[in-house]
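Shown next, in structure tokens, is the structure this report addresses.
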Amino acid sequence: MKPEVISRLEEIENVHIGNSTHVTAAERITWNSKETTAGAQSKANAVQANVDILEETVVSHLADYTQYKRDIQMMISMGVMF
């Protein structure tokens, strides 16, 4: 890599990444402590539990609707008028 490119990359790293020009050390600590692996896993588990409940509910309603539809078709075939 050209020396001027390396120099520019080092400058960018020092000014924008390596020091606290844009983010203070305290802000960086606060940011880094926002989420933990355990916290993220707990949230993912809660979402999965909700998805499972929703899936069971949808399947149950679909089964009810399917049975209702069969009952209506049977009544129509028997000549029951609505």
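Quick notes
- Scan segment 34-66 for residues that are exposed (fewer than 10 other Cβ atoms within 10 Å of the Cβ) and either of a type in the set (Phe, Trp, Tyr) or over 20 Å from the mean Cα position of the chain (by Cα) (or both) and the total you get is 0.
Condition check ((1) in a loop (DSSP other than H, G, I, E, B); (2) at pLDDT 90 or above; (3) aliphatic (A, V, I, L, M)) across all residues:
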| residue | (1), (2), (3) |
| --- | --- |
| Glu27 | no, no, no |
| Ala40 | no, yes, yes |
| Val47 | no, yes, yes |
| Asp52 | no, yes, no |
| Glu56 | no, yes, no |
| Thr66 | no, yes, no |
| Lys69 | no, yes, no |
| Ile76 | no, no, yes |
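The values are calculated or read from the model by the stated rules, or taken from the named source; none is laboratory data. Computed from a predicted model, the values in this text were never measured in an experiment. Cβ sites come from the backbone with ideal geometry, for glycine too, and all protein chains shown count toward neighbours.
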